[in-house]
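Contents: one structure, followed by commentary.
The values are calculated or read from the model by the stated rules, or taken from the named source; none is laboratory data. As the structure is a prediction and not an experimental result, all values here were calculated from the model. Neighbour counts are summed over all protein chains in view; Cβ atoms, including those assigned to glycine, are modelled from backbone coordinates with ideal geometry. In case anyone asks, the SASA skips ligands and DNA or RNA and just uses the protein heavy atoms, side chains included. Shrake-Rupley method; radii C 1.70, N 1.55, O 1.52, S 1.80 Å.
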2 protein chains.
Amino acid sequence: MKNRIITISREFGSGGRTIGKEVANKLGIPCYDQELIEKVAAKSGFSPEYIAEHGEYAMGSWLGSSIGRDYLWGAQKKTICELSEQGPCVIVGRCADYILREKANLLRVFIHADLQTRAERIVRIYGEREDAPEKRLKEKDKRRAAYYRYYTDMQWGRATNYDIALDSGTLGIEKCVDIIASLY
Amino acid sequence: MKNRIITISREFGSGGRTIGKEVANKLGIPCYDQELIEKVAAKSGFSPEYIAEHGEYAMGSWLGSSIGRDYLWGAQKKTICELSEQGPCVIVGRCADYILREKANLLRVFIHADLQTRAERIVRIYGEREDAPEKRLKEKDKRRAAYYRYYTDMQWGRATNYDIALDSGTLGIEKCVDIIASLY
């Protein structure tokens, strides 16, 4: 049997990363998030900070310059494919659901939550910023959706793109972890 | 505590109705689908056949005449609100997720599946028709989405509209039933 891979796409502030880590812990498999960024950095020469920003978000000046962007996309894609061959794992973000879509045994998860739940969460985790949390969330979501759309030609957050989509605000983080782990 | 209500929105042929019935059986609560149509018929004077078609699908000539359409919408809405006050239940389709959105203790479910799984299913259940099953599915989905959009001003099938969205094709009907029942 092929390696079972769980991909987690998530709205900013929905706790998708935390859910990914807890699912991986529960199942005793690795979760690639920061580690994925570092592997892409080693492969591409980009800094981890650059990758964290540009590897998932469309930028203001983004549509103007395609060479660095496509180079980073290629390095991310290659890294995600390699990781998926190494063994079962959880991969957070970075269009992994799309990149690995032909793979058997893929479980594609989407995590979302209402704006208020996410606003409270990002202030708790990342602290206050000059911009209101709702404004930060909307901008992040918009840029993430634009990135996803550009590279996958699919609509981000559409239920039909995923095996399961969960509202972490109404269901709670722990329940989401339990359901995902039970599907493994 | 308020009555716990499960609303099930579904793509045509995804098995959403079957899942709704099995969840209701498992939990020992009623599932309103055909029965809802009959209640609306008694209230409105429309025939059950007319309601089955016009109470969930935008029609070809639909945008032209709004009086009968809005009258039916009102009767459906009233019936759904009354049922939700009577006790815990499962309600399939008819924008119940939107109509009851302010209700505490609502579990909003969306069921979908890939085109091939659904095509096989509708031929198995409803038999062959002159039009290919894929064509029938696309038309049904399009008309259902248009109806939903018109009355709710929301996008049908968007993950963020639901507490949980499940792919019945990849997960299987039984697993979907188990997960939904476990959230009750």
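Of the residues making up region A:11-36, those that are small (Gly, Ala, Ser) and open to solvent by 10 Å² or more (accessible area, probe 1.4 Å) number 2. Of the residues that make up region A:64-71, is at least one of a type in the set (Gly, Ala, Ser) and either under 26 Å from residue A:132 (Cα atoms) or buried (at least 19 other Cβ atoms within 10 Å of the Cβ) (or both)? There is no residue in region A:64-71 that is of a type in the set (Gly, Ala, Ser) and either under 26 Å from residue A:132 (Cα atoms) or buried (at least 19 other Cβ atoms within 10 Å of the Cβ) (or both).
Taking the condition open to solvent by less than 10 Å² (accessible area, probe 1.4 Å), at pLDDT 85 or above and in contact with a Phe, Trp or Tyr (Cβ under 9 Å, 6 or more places away or on another chain), does residue B:8 pass? Considered against the rule, which asks whether it is open to solvent by less than 10 Å² (accessible area, probe 1.4 Å), at pLDDT 85 or above and in contact with a Phe, Trp or Tyr (Cβ under 9 Å, 6 or more places away or on another chain), residue B:8 comes out as yes.
Restricted to helices (runs of 4 or more DSSP H) entirely inside region B:77-184, those with at least 2 residues that are more than 10 Å from every other protein chain (Cβ to nearest Cβ) are B:96-99, B:115-126, B:133-152, B:173-183.
Only one entry of B:96, B:52 meets the criterion of being within 13 Å of the chain's Cα centre (by Cα) and open to solvent by 30 Å² or more (accessible area, probe 1.4 Å), and that entry is B:52. Considering (1) touching an Asp or Glu at 6+ places or on another chain (Cβ under 6 Å); (2) open to solvent by 50 Å² or more (accessible area, probe 1.4 Å); (3) over 29 Å from residue A:181 (Cβ atoms), the lone condition that residue B:170 does not fulfil carries the number (3). Considering only region A:127-137, I want to know if a residue exists there that is hydrophobic (A, V, I, L, M, F, W, C) and more than 22 Å from residue A:44 (Cα to Cα). Checked region A:127-137: at least one residue is hydrophobic (A, V, I, L, M, F, W, C) and more than 22 Å from residue A:44 (Cα to Cα). Against the test of being of a type in the set (Lys, Arg), at pLDDT 90 or above and either surrounded by 19 or more Cβ atoms within 10 Å (Cβ to Cβ) or out of contact with any strand residue (DSSP E or B) (no Cβ under 8 Å at 6 or more places or on another chain) (or both), the options A:158, A:124 yield a single qualifying residue, A:124.
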